Amino acid sequence: MYTVHAIPAEVVADLLNADDAGRPPELSTDAEGGAPLRCCLRRAAPGDRIALVAYEPLRRWSAETGANPGPYLERGPVFVHASPCGGPAAGEPGYLGEAERVFRRYDRDGRILGGRRIDRGETHREVFAEMFADPGVALVHVRAVEYGCFLYEARRDSA
């Protein structure tokens, strides 16, 4: 029905050269660990080299699909590893269910259909099942409540 996606490795490589705002990445060491990494959908380990970059998830998706999200294009900060990491492990993101999240539904044109806030402990699977039950939903973005940052996306599987 749907597949969860991290930021693809080739996109991360582009962002590490120049982010979606045209700027170089802000590199640092996550001394304590814990930054939510969008390249592998895990939290950074203490001492990991990470990069903070500007990312436009709808623009990237629309370039692949031909959608025209118009004013719904957004740019925001995301953390990724500062060097290739191998992407996500099998299964779901490591930070699922840790905190309140906002789920935003988009149609095939990249237009927002609505959203839903979930509380800590609600399962993402149930929310995705509910959202993708609507045949008009093509894409769901999951965002942090506290900062509004993009965390990851789920895309409707092709028939």
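What the table below lists for this structure:
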{"item": "Rough spin-label spacing in nm, given labels placed 7 Å along Cα→Cβ, for Glu146 and Thr29", "result": "2.4 nm"}
{"item": "Proxy reagent accessibility, fewest Cβ within 10 Å first, across Met1, Met131", "result": "Met1, Met131"}
{"item": "Selected from Ile50, Trp61, Tyr2, residue furthest toward positive end of dipole (segment 2-81; charges at beta carbon)", "result": "Tyr2"}
{"item": "Ranked Tyr147, Tyr152, criterion: other C-beta atoms within 10 Å, fewest first", "result": "Tyr147, Tyr152"}
{"item": "Calculated log₁₀ intensity ratio I(q)/I(0) where the Debye formula runs over C-alpha points of segment 2-81, q = 0.11, 0.20, 0.26 Å⁻¹", "result": "-0.30, -0.89, -1.28"}
{"item": "Fewest-first sequence of Ile118, Ile50, Ile112 by Cβ atoms within 10 Å of each Cβ", "result": "Ile112, Ile118, Ile50"}
{"item": "Gain upon complete extension [Tyr72, Ala133; 0.36 nm per residue less C-alpha separation]", "result": "19.7 nm"}
{"item": "Descending principal axes extents, the chain, alpha-carbon based, whole Å", "result": "43, 34, 28"}
{"item": "P(r) tail fraction, segment 101-156 - alpha-carbon pairs more than 12 Å apart, %", "result": "61 percent"}
{"item": "Spin-label pair Ala89/Thr65, simplified geometry with 7 Å Cα→Cβ offset, distance in nm", "result": "2.9 nm"}
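Values in this text are rule-based calculations from the coordinates and carry no lab data. Small disclaimer: the values here were computed from a predicted structure and weren't measured. Methodologically, a virtual Cβ is constructed for each residue, glycine included, from the backbone with ideal geometry; neighbour enumeration extends over all protein chains shown.
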